[in-house]
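Right, one structure below, let's go through it.
The values are calculated or read from the model by the stated rules, or taken from the named source; none is laboratory data. What you see is a predicted model; the values in this text were computed from it and never measured. Glycine gets a Cβ as well: all are built from the backbone with ideal geometry, and neighbour counts include every protein chain shown. The protein model used for the area step is the full one, side chains on, heavy atoms only, and it has no ligands, DNA or RNA in it. Shrake-Rupley method; radii C 1.70, N 1.55, O 1.52, S 1.80 Å.
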Amino acid sequence: MPEILVTGGAGYIGSHTAAALAAAGYSPVVIDNLSNSRESVIARLEKLTGKKIPFYNADVRDGAALDAVFAKHSFSAAIHFAGLKAVGESVQQPLRYYEHNLTATMSLLAAMQKHGVKSLIFSSSATVYREDDEVPYIESGELGCSNPYGWTKLFSEQIIRDVCAANPGFSAVLLRYFNPIGADKSGLIGEEPQGVPNNLLPYVSQVAAGIRPRLSVFGNDYPTPDGTCIRDYIHVSDLARAHALALDFAANNAGAKAINIGTGRGYSVLEVVAAFEKASGVKIPFEITGRRAGDIPEYFANPALAREKLGFTAELGIEEMCRDAWRFEQNRKLFPEEK
Ligand code: NAD
Ligand code: UFG
(Lines give C-alpha, C1' and ligand atoms only; values in the text may rest on other atoms or scores of the structure.)
(Ligands and ions follow the chains in the order given, each with its own letter.)
Protein backbone atom coordinates (compact mmCIF):
# COMPACT_ATOMS: atom_id res chain seq x y z
CA MET A 1 0.00 0.00 0.00
CA PRO A 2 1.37 3.46 -0.89
CA GLU A 3 2.85 5.25 2.10
CA ILE A 4 1.67 8.83 2.69
CA LEU A 5 3.43 11.21 5.08
CA VAL A 6 0.90 13.08 7.24
CA THR A 7 2.41 16.03 9.12
CA GLY A 8 0.23 17.09 12.05
CA GLY A 9 -1.54 13.72 11.81
CA ALA A 10 -2.31 13.57 15.54
CA GLY A 11 -4.37 16.79 15.24
CA TYR A 12 -8.05 17.27 14.48
CA ILE A 13 -8.16 17.20 10.67
CA GLY A 14 -4.94 15.17 10.31
CA SER A 15 -6.23 12.28 12.44
CA HIS A 16 -9.48 12.08 10.48
CA THR A 17 -7.49 12.19 7.26
CA ALA A 18 -5.21 9.38 8.45
CA ALA A 19 -8.37 7.32 9.05
CA ALA A 20 -9.74 8.21 5.60
CA LEU A 21 -6.42 7.31 3.96
CA ALA A 22 -6.35 3.92 5.68
CA ALA A 23 -9.94 3.31 4.50
CA ALA A 24 -8.93 4.25 0.94
CA GLY A 25 -6.05 1.74 0.86
CA TYR A 26 -3.13 4.02 1.78
CA SER A 27 -0.65 3.63 4.64
CA PRO A 28 -0.48 6.90 6.61
CA VAL A 29 2.75 7.70 8.47
CA VAL A 30 2.39 10.48 11.05
CA ILE A 31 4.86 13.16 12.13
CA ASP A 32 3.57 15.40 14.93
CA ASN A 33 5.31 17.28 17.73
CA LEU A 34 2.16 16.98 19.90
CA SER A 35 2.17 20.73 20.54
CA ASN A 36 -1.62 20.75 20.06
CA SER A 37 -2.56 17.07 20.34
CA ARG A 38 -2.04 13.90 22.36
CA GLU A 39 -0.08 10.78 21.53
CA SER A 40 -3.00 8.51 22.48
CA VAL A 41 -4.77 9.71 19.32
CA ILE A 42 -2.47 7.34 17.44
CA ALA A 43 -3.59 4.33 19.51
CA ARG A 44 -7.22 5.34 18.97
CA LEU A 45 -6.55 5.68 15.24
CA GLU A 46 -5.06 2.19 15.20
CA LYS A 47 -8.16 0.86 16.95
CA LEU A 48 -10.39 2.66 14.46
CA THR A 49 -8.52 1.56 11.34
CA GLY A 50 -7.28 -1.84 12.51
CA LYS A 51 -3.88 -0.87 11.09
CA LYS A 52 -0.50 0.00 12.56
CA ILE A 53 0.15 3.72 12.09
CA PRO A 54 3.87 4.58 12.28
CA PHE A 55 4.26 7.70 14.44
CA TYR A 56 7.23 10.06 14.86
CA ASN A 57 7.22 12.67 17.63
CA ALA A 58 9.16 15.34 15.73
CA ASP A 59 8.98 18.95 14.60
CA VAL A 60 8.51 19.40 10.85
CA ARG A 61 10.87 22.38 10.97
CA ASP A 62 13.68 20.02 12.01
CA GLY A 63 15.29 19.03 8.69
CA ALA A 64 17.43 16.25 10.21
CA ALA A 65 14.37 14.67 11.84
CA LEU A 66 12.49 14.82 8.52
CA ASP A 67 15.47 13.27 6.71
CA ALA A 68 15.46 10.33 9.11
CA VAL A 69 11.74 9.70 8.54
CA PHE A 70 12.02 10.03 4.74
CA ALA A 71 14.96 7.60 4.79
CA LYS A 72 12.90 4.96 6.63
CA HIS A 73 9.87 5.12 4.34
CA SER A 74 9.07 5.28 0.68
CA PHE A 75 6.47 8.03 0.44
CA SER A 76 4.38 8.54 -2.66
CA ALA A 77 3.05 11.87 -1.33
CA ALA A 78 2.86 14.15 1.70
CA ILE A 79 -0.12 15.88 3.31
CA HIS A 80 0.84 18.93 5.33
CA PHE A 81 -1.34 19.86 8.32
CA ALA A 82 1.32 20.80 10.88
CA GLY A 83 1.22 24.42 11.94
CA LEU A 84 -0.20 27.03 14.27
CA LYS A 85 -3.83 28.00 13.61
CA ALA A 86 -5.20 30.50 16.14
CA VAL A 87 -6.20 33.66 14.28
CA GLY A 88 -6.25 35.96 17.35
CA GLU A 89 -2.90 34.65 18.62
CA SER A 90 -1.38 35.30 15.20
CA VAL A 91 -2.34 38.98 15.49
CA GLN A 92 -0.56 39.15 18.87
CA GLN A 93 2.48 37.09 17.81
CA PRO A 94 2.98 37.64 14.06
CA LEU A 95 6.67 36.70 13.93
CA ARG A 96 6.04 33.42 15.74
CA TYR A 97 3.34 32.55 13.21
CA TYR A 98 5.37 33.53 10.14
CA GLU A 99 8.46 31.70 11.43
CA HIS A 100 6.55 28.57 12.40
CA ASN A 101 4.18 28.08 9.50
CA LEU A 102 6.48 29.21 6.69
CA THR A 103 9.52 27.32 8.03
CA ALA A 104 7.39 24.19 8.38
CA THR A 105 6.20 24.43 4.76
CA MET A 106 9.71 25.11 3.41
CA SER A 107 11.33 22.42 5.53
CA LEU A 108 8.86 19.83 4.24
CA LEU A 109 9.29 20.95 0.61
CA ALA A 110 13.09 20.73 0.96
CA ALA A 111 12.88 17.19 2.32
CA MET A 112 10.46 16.19 -0.46
CA GLN A 113 12.85 17.54 -3.12
CA LYS A 114 15.82 15.85 -1.51
CA HIS A 115 14.08 12.47 -1.34
CA GLY A 116 12.27 12.66 -4.69
CA VAL A 117 8.71 12.86 -3.31
CA LYS A 118 6.68 14.87 -5.82
CA SER A 119 3.10 15.21 -4.60
CA LEU A 120 1.86 17.48 -1.84
CA ILE A 121 -1.58 18.20 -0.42
CA PHE A 122 -1.59 21.42 1.61
CA SER A 123 -4.07 22.61 4.27
CA SER A 124 -5.04 26.06 3.12
CA SER A 125 -8.06 28.02 4.25
CA ALA A 126 -11.01 30.08 3.04
CA THR A 127 -9.36 32.89 4.98
CA VAL A 128 -7.10 33.52 1.93
CA TYR A 129 -10.05 35.18 0.13
CA ARG A 130 -10.49 38.93 0.41
CA GLU A 131 -13.25 39.88 2.83
CA ASP A 132 -15.08 41.88 0.19
CA ASP A 133 -15.15 39.03 -2.36
CA GLU A 134 -18.63 38.10 -3.48
CA VAL A 135 -20.08 34.94 -1.98
CA PRO A 136 -19.92 32.11 -2.77
CA TYR A 137 -16.11 32.27 -2.78
CA ILE A 138 -14.63 30.88 -5.97
CA GLU A 139 -11.00 29.85 -6.51
CA SER A 140 -10.48 32.60 -9.11
CA GLY A 141 -11.58 35.25 -6.56
CA GLU A 142 -9.36 38.01 -5.20
CA LEU A 143 -6.91 36.93 -2.51
CA GLY A 144 -5.76 38.85 0.57
CA CYS A 145 -5.87 38.32 4.31
CA SER A 146 -6.79 40.27 7.41
CA ASN A 147 -4.47 38.51 9.88
CA PRO A 148 -0.97 36.96 9.97
CA TYR A 149 -2.33 33.39 10.20
CA GLY A 150 -4.15 33.91 6.90
CA TRP A 151 -1.03 35.37 5.29
CA THR A 152 0.98 32.29 6.33
CA LYS A 153 -1.52 30.22 4.32
CA LEU A 154 -1.38 32.52 1.30
CA PHE A 155 2.43 32.78 1.39
CA SER A 156 2.69 28.99 1.78
CA GLU A 157 0.46 28.59 -1.27
CA GLN A 158 2.83 30.88 -3.22
CA ILE A 159 5.95 29.04 -2.04
CA ILE A 160 4.39 25.74 -3.12
CA ARG A 161 3.41 27.21 -6.52
CA ASP A 162 7.00 28.39 -7.04
CA VAL A 163 8.40 24.95 -6.17
CA CYS A 164 5.97 23.35 -8.63
CA ALA A 165 7.04 25.83 -11.34
CA ALA A 166 10.71 25.07 -10.75
CA ASN A 167 10.25 21.28 -10.68
CA PRO A 168 8.41 19.76 -13.62
CA GLY A 169 6.56 16.71 -12.39
CA PHE A 170 5.94 18.19 -8.95
CA SER A 171 2.25 18.46 -8.10
CA ALA A 172 0.35 20.13 -5.30
CA VAL A 173 -3.28 20.51 -4.32
CA LEU A 174 -3.97 23.54 -2.13
CA LEU A 175 -7.17 22.64 -0.32
CA ARG A 176 -8.98 25.73 0.95
CA TYR A 177 -11.05 24.45 3.85
CA PHE A 178 -14.18 26.21 4.99
CA ASN A 179 -15.32 25.43 8.58
CA PRO A 180 -14.65 21.80 9.58
CA ILE A 181 -16.73 20.52 12.51
CA GLY A 182 -17.96 17.16 13.81
CA ALA A 183 -16.02 14.00 14.52
CA ASP A 184 -15.55 10.47 13.26
CA LYS A 185 -18.72 8.47 13.79
CA SER A 186 -16.80 5.93 15.92
CA GLY A 187 -16.51 8.56 18.65
CA LEU A 188 -12.82 7.66 19.00
CA ILE A 189 -11.31 10.80 17.48
CA GLY A 190 -12.53 14.38 17.30
CA GLU A 191 -11.62 17.95 18.07
CA GLU A 192 -9.80 18.28 21.41
CA PRO A 193 -9.08 21.98 21.93
CA GLN A 194 -6.74 22.88 24.74
CA GLY A 195 -8.12 25.48 27.14
CA VAL A 196 -11.06 27.68 26.21
CA PRO A 197 -12.21 26.86 22.66
CA ASN A 198 -11.93 29.66 20.08
CA ASN A 199 -14.32 28.07 17.62
CA LEU A 200 -18.08 27.79 17.71
CA LEU A 201 -18.73 24.03 17.72
CA PRO A 202 -16.23 23.00 20.41
CA TYR A 203 -17.61 25.80 22.58
CA VAL A 204 -21.21 24.71 22.04
CA SER A 205 -20.24 21.08 22.80
CA GLN A 206 -18.62 22.11 26.07
CA VAL A 207 -21.69 24.13 27.07
CA ALA A 208 -23.85 21.06 26.33
CA ALA A 209 -21.52 18.95 28.47
CA GLY A 210 -21.83 21.41 31.36
CA ILE A 211 -18.14 22.39 31.19
CA ARG A 212 -19.05 26.02 30.40
CA PRO A 213 -22.21 27.84 31.56
CA ARG A 214 -23.29 29.51 28.33
CA LEU A 215 -22.29 30.40 24.80
CA SER A 216 -21.50 33.98 23.85
CA VAL A 217 -22.96 34.67 20.41
CA PHE A 218 -20.67 37.28 18.95
CA GLY A 219 -23.11 39.82 17.54
CA ASN A 220 -26.67 39.66 16.18
CA ASP A 221 -26.58 42.90 14.22
CA TYR A 222 -24.95 41.60 11.03
CA PRO A 223 -26.73 42.02 7.69
CA THR A 224 -27.93 38.38 7.65
CA PRO A 225 -31.48 37.00 8.09
CA ASP A 226 -31.15 36.43 11.86
CA GLY A 227 -28.33 38.94 12.40
CA THR A 228 -25.65 36.32 13.26
CA CYS A 229 -22.71 35.37 11.03
CA ILE A 230 -23.04 32.70 8.36
CA ARG A 231 -20.34 30.08 7.64
CA ASP A 232 -20.00 26.98 5.48
CA TYR A 233 -19.64 24.16 8.03
CA ILE A 234 -18.33 20.87 6.65
CA HIS A 235 -18.15 17.50 8.39
CA VAL A 236 -14.51 16.71 9.16
CA SER A 237 -14.94 13.18 7.77
CA ASP A 238 -16.10 14.64 4.43
CA LEU A 239 -13.11 16.99 4.49
CA ALA A 240 -10.80 14.06 5.29
CA ARG A 241 -12.16 12.08 2.34
CA ALA A 242 -11.35 15.01 0.04
CA HIS A 243 -7.65 14.51 0.86
CA ALA A 244 -7.70 10.92 -0.38
CA LEU A 245 -9.33 12.14 -3.61
CA ALA A 246 -6.77 14.95 -3.90
CA LEU A 247 -3.97 12.36 -3.81
CA ASP A 248 -5.43 10.74 -6.94
CA PHE A 249 -5.68 14.14 -8.64
CA ALA A 250 -2.10 15.09 -7.71
CA ALA A 251 -0.79 11.78 -9.01
CA ASN A 252 -2.18 12.62 -12.46
CA ASN A 253 -1.79 16.40 -12.72
CA ALA A 254 1.50 18.28 -12.44
CA GLY A 255 1.53 21.85 -11.10
CA ALA A 256 -0.35 23.53 -8.25
CA LYS A 257 -4.13 23.75 -8.02
CA ALA A 258 -6.20 25.51 -5.37
CA ILE A 259 -9.54 23.87 -4.62
CA ASN A 260 -12.29 24.88 -2.17
CA ILE A 261 -13.55 22.23 0.21
CA GLY A 262 -16.94 23.26 1.55
CA THR A 263 -20.56 22.26 1.16
CA GLY A 264 -21.73 25.38 -0.67
CA ARG A 265 -24.36 26.09 1.98
CA GLY A 266 -24.12 28.49 4.90
CA TYR A 267 -25.62 28.31 8.39
CA SER A 268 -25.92 31.13 10.90
CA VAL A 269 -24.62 30.83 14.46
CA LEU A 270 -28.21 30.55 15.76
CA GLU A 271 -29.03 27.85 13.18
CA VAL A 272 -26.01 25.85 14.35
CA VAL A 273 -27.10 26.22 17.98
CA ALA A 274 -30.61 25.01 17.07
CA ALA A 275 -29.21 22.04 15.10
CA PHE A 276 -26.96 21.10 18.02
CA GLU A 277 -29.87 21.27 20.48
CA LYS A 278 -31.89 19.00 18.20
CA ALA A 279 -29.06 16.49 17.76
CA SER A 280 -28.13 16.36 21.45
CA GLY A 281 -31.46 16.95 23.13
CA VAL A 282 -29.66 19.46 25.36
CA LYS A 283 -30.67 23.13 25.65
CA ILE A 284 -27.77 25.50 24.96
CA PRO A 285 -27.98 28.66 27.07
CA PHE A 286 -26.54 31.63 25.21
CA GLU A 287 -26.25 35.38 25.42
CA ILE A 288 -25.73 37.87 22.64
CA THR A 289 -22.48 39.77 23.19
CA GLY A 290 -20.55 42.25 21.07
CA ARG A 291 -19.06 41.41 17.70
CA ARG A 292 -15.68 39.60 17.67
CA ALA A 293 -13.01 41.69 15.97
CA GLY A 294 -12.27 40.53 12.44
CA ASP A 295 -15.43 38.45 11.90
CA ILE A 296 -17.12 38.91 8.56
CA PRO A 297 -20.88 38.55 8.14
CA GLU A 298 -21.18 35.75 5.63
CA TYR A 299 -19.20 33.43 3.44
CA PHE A 300 -19.52 30.00 1.93
CA ALA A 301 -17.86 28.01 -0.83
CA ASN A 302 -18.52 27.54 -4.46
CA PRO A 303 -17.77 23.78 -4.38
CA ALA A 304 -17.97 23.18 -8.16
CA LEU A 305 -14.24 22.80 -8.79
CA ALA A 306 -13.90 20.10 -6.11
CA ARG A 307 -16.73 18.23 -7.81
CA GLU A 308 -15.19 18.65 -11.26
CA LYS A 309 -11.52 17.95 -10.44
CA LEU A 310 -11.71 15.61 -7.44
CA GLY A 311 -15.16 14.07 -7.85
CA PHE A 312 -15.80 15.37 -4.31
CA THR A 313 -19.16 16.36 -2.88
CA ALA A 314 -19.86 16.71 0.82
CA GLU A 315 -22.32 14.04 1.92
CA LEU A 316 -22.98 14.72 5.59
CA GLY A 317 -25.34 17.46 6.74
CA ILE A 318 -25.48 19.74 9.79
CA GLU A 319 -27.44 17.06 11.73
CA GLU A 320 -24.62 14.53 11.36
CA MET A 321 -22.00 17.18 12.12
CA CYS A 322 -23.70 18.07 15.42
CA ARG A 323 -24.59 14.48 16.32
CA ASP A 324 -21.01 13.28 15.84
CA ALA A 325 -19.47 16.27 17.65
CA TRP A 326 -21.78 15.56 20.59
CA ARG A 327 -20.95 11.84 20.60
CA PHE A 328 -17.24 12.63 20.76
CA GLU A 329 -17.73 15.23 23.49
CA GLN A 330 -19.50 12.63 25.62
CA ASN A 331 -16.83 10.01 24.89
CA ARG A 332 -14.00 12.29 25.91
CA LYS A 333 -14.57 11.36 29.52
CA LEU A 334 -13.62 7.81 28.54
CA PHE A 335 -10.06 9.09 27.97
CA PRO A 336 -9.50 10.69 31.41
CA GLU A 337 -5.81 9.88 31.62
CA GLU A 338 -5.18 12.29 28.77
CA LYS A 339 -6.65 15.42 30.32
P1 NAD B 1 -4.62 20.92 14.98
O2 NAD B 1 -3.89 21.90 15.83
O3 NAD B 1 -5.62 20.03 15.63
O4 NAD B 1 -3.57 20.00 14.20
C5 NAD B 1 -2.28 20.43 13.86
C6 NAD B 1 -1.30 19.38 14.36
O7 NAD B 1 0.02 19.77 13.97
C8 NAD B 1 -1.30 19.24 15.89
O9 NAD B 1 -1.40 17.87 16.23
C10 NAD B 1 0.05 19.82 16.32
O11 NAD B 1 0.56 19.16 17.46
C12 NAD B 1 0.90 19.60 15.08
N13 NAD B 1 1.99 20.54 14.88
C14 NAD B 1 1.95 21.89 14.94
N15 NAD B 1 3.16 22.40 14.62
C16 NAD B 1 3.97 21.35 14.33
C17 NAD B 1 5.32 21.23 13.91
N18 NAD B 1 6.07 22.30 13.73
N19 NAD B 1 5.81 20.00 13.70
C20 NAD B 1 5.05 18.89 13.88
N21 NAD B 1 3.77 18.95 14.28
C22 NAD B 1 3.23 20.16 14.49
O23 NAD B 1 -5.29 21.75 13.79
P24 NAD B 1 -6.37 21.30 12.69
O25 NAD B 1 -7.64 22.00 12.99
O26 NAD B 1 -6.35 19.84 12.53
O27 NAD B 1 -5.75 22.00 11.40
C28 NAD B 1 -4.88 21.32 10.54
C29 NAD B 1 -4.43 22.26 9.44
O30 NAD B 1 -5.57 22.76 8.75
C31 NAD B 1 -3.68 23.48 9.96
O32 NAD B 1 -2.64 23.78 9.05
C33 NAD B 1 -4.73 24.56 9.94
O34 NAD B 1 -4.16 25.83 9.80
C35 NAD B 1 -5.55 24.17 8.72
N36 NAD B 1 -6.92 24.69 8.75
C37 NAD B 1 -7.71 24.41 9.82
C38 NAD B 1 -9.02 24.91 9.86
C39 NAD B 1 -9.93 24.65 11.04
O40 NAD B 1 -10.95 25.32 11.16
N41 NAD B 1 -9.62 23.68 11.91
C42 NAD B 1 -9.51 25.70 8.79
C43 NAD B 1 -8.67 25.94 7.70
C44 NAD B 1 -7.36 25.43 7.69
N1 UFG C 1 -18.79 32.34 17.35
C2 UFG C 1 -19.60 32.74 18.40
N3 UFG C 1 -19.23 32.37 19.66
C4 UFG C 1 -18.11 31.64 19.91
C5 UFG C 1 -17.30 31.23 18.83
C6 UFG C 1 -17.67 31.62 17.56
O7 UFG C 1 -20.61 33.40 18.22
O8 UFG C 1 -17.83 31.34 21.10
C9 UFG C 1 -19.20 32.72 15.98
C10 UFG C 1 -18.15 33.59 15.28
O11 UFG C 1 -18.37 34.94 15.58
C12 UFG C 1 -18.41 33.23 13.83
C13 UFG C 1 -18.89 31.78 13.86
O14 UFG C 1 -19.29 31.56 15.21
O15 UFG C 1 -19.45 34.02 13.34
C16 UFG C 1 -17.80 30.79 13.49
O17 UFG C 1 -16.65 31.07 14.27
P18 UFG C 1 -15.40 30.05 14.34
O19 UFG C 1 -14.42 30.67 15.28
O20 UFG C 1 -15.89 28.68 14.66
O21 UFG C 1 -14.87 30.02 12.85
P22 UFG C 1 -14.32 31.20 11.93
O23 UFG C 1 -15.22 31.24 10.73
O24 UFG C 1 -14.15 32.44 12.65
O25 UFG C 1 -12.85 30.70 11.58
C26 UFG C 1 -12.58 29.42 11.06
C27 UFG C 1 -11.20 28.92 11.52
C28 UFG C 1 -10.09 29.75 10.92
C29 UFG C 1 -10.22 29.83 9.44
C30 UFG C 1 -11.59 30.32 9.08
C31 UFG C 1 -11.78 30.31 7.60
O32 UFG C 1 -11.12 28.99 12.92
O33 UFG C 1 -8.86 29.11 11.19
O34 UFG C 1 -12.58 29.47 9.67
O35 UFG C 1 -11.63 29.01 7.11
F36 UFG C 1 -9.30 30.69 8.94
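Structure summary
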{"read-out": "Tabulated pairs, segment 11-33, first within 16 Å of ligand 2 (Cβ to nearest atom), second part of a strand (DSSP E or B) and among the hydrophobic types (A, V, I, L, M, F, W, C), C-beta under 6 angstrom, 6+ apart or interchain", "value": "Gly14/Val6"}
{"read-out": "Condition check for Tyr56: surrounded by fewer than 21 Cβ atoms within 10 Å (Cβ to Cβ) and not in a helix (DSSP H, G or I)", "value": "yes"}
{"read-out": "Residues that are among the hydrophobic types (A, V, I, L, M, F, W, C) and either open to solvent by 10 Å² or more (accessible area, probe 1.4 Å) or in contact with a Leu (Cβ under 9 Å, 6 or more places away or on another chain) (or both), drawn from segment 175-190", "value": "Leu175, Phe178, Ile181, Leu188, Ile189"}
{"read-out": "Segment 78-107 - residue that is under 18 Å from the mean Cα position of the chain (by Cα) and more than 15 Å from ligand 2 (Cβ to nearest atom) and, of those, most open to solvent (accessible area, probe 1.4 Å)", "value": "Leu102"}
{"read-out": "Test: residue in segment 172-183 that is assigned to a strand (DSSP E or B) and either modelled with pLDDT under 95 or touching a Cys at 6+ places or on another chain (Cβ under 7 Å) (or both)", "value": "yes"}
{"read-out": "Residues of segment 299-339 classified as of a type in the set (A, V, I, L, M, F, W, C) and in a loop (DSSP other than H, G, I, E, B), total", "value": "5"}
{"read-out": "Number of positions in segment 128-168 that are in a helix (DSSP H, G or I), among the charged types (D, E, K, R) and either open to solvent by 10 Å² or more (accessible area, probe 1.4 Å) or more than 24 Å from Gly116 (Cα to Cα) (or both)", "value": "3"}
{"read-out": "Pairs with Cβ under 8 Å, 6+ apart, first in segment 279-308 and closer than 15 Å to Gly262 by Cβ and of a type in the set (S, T, N, Q), second in a loop (DSSP other than H, G, I, E, B) and within 16 Å of ligand 1 (Cβ to nearest atom)", "value": "Asn302/Glu139"}
{"read-out": "Out of Ile234, Ile284, Ile288, sole residue that is part of a strand (DSSP E or B) and farther than 18 Å from Ser125 by Cα", "value": "Ile288"}
{"read-out": "Selected residue (criterion: nearest to Gly11 (Cα to Cα)) from residues of segment 166-190 that are of a type in the set (Phe, Trp, Tyr) and within 15 Å of ligand 1 (Cβ to nearest atom)", "value": "Tyr177"}
{"read-out": "Only one of Gly63, Gly50, Gly116, Gly88 that is among the small types (Gly, Ala, Ser) and touching a helix residue (DSSP H, G or I) at 6+ places or on another chain (Cβ under 6 Å)", "value": "Gly63"}
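Each row is one residue, and each column tells you yes or no for (1) near ligand 1 (Cβ under 8 Å from one of its atoms); (2) over 20 Å from Ala172 (Cβ atoms).
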site: Gly9; (1), (2): yes, no
site: Tyr12; (1), (2): yes, yes
site: Tyr26; (1), (2): no, no
site: Asn33; (1), (2): yes, yes
site: Asn36; (1), (2): yes, yes
site: Phe55; (1), (2): no, yes
site: Phe70; (1), (2): no, no
site: Phe81; (1), (2): yes, no
site: Gln93; (1), (2): no, yes
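Residues are listed down the side, and each one gets a yes or a no for (1) of a type in the set (Gly, Ala, Ser); (2) crowded, with 22+ Cβ neighbours inside 10 Å; (3) under 19 Å from Phe300 (Cα atoms); (4) within 16 Å of ligand 1 (Cβ to nearest atom):
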site	(1), (2), (3), (4)
Gly210	yes, no, no, no
Pro223	no, no, yes, no
Val236	no, yes, yes, yes
Phe249	no, no, no, no
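Residue by residue, here is whether (1) farther than 30 Å from Ile4 by Cβ; (2) in contact with a Pro (Cβ under 9 Å, 6 or more places away or on another chain); (3) not hydroxyl-bearing (Ser, Thr, Tyr) holds:
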residue	(1), (2), (3)
Asp226	yes, no, yes
Ile230	yes, yes, yes
Ile234	no, yes, yes
Asp238	no, yes, yes
Phe276	yes, no, yes
Ala293	yes, no, yes
Pro303	no, yes, yes
Ala306	no, no, yes
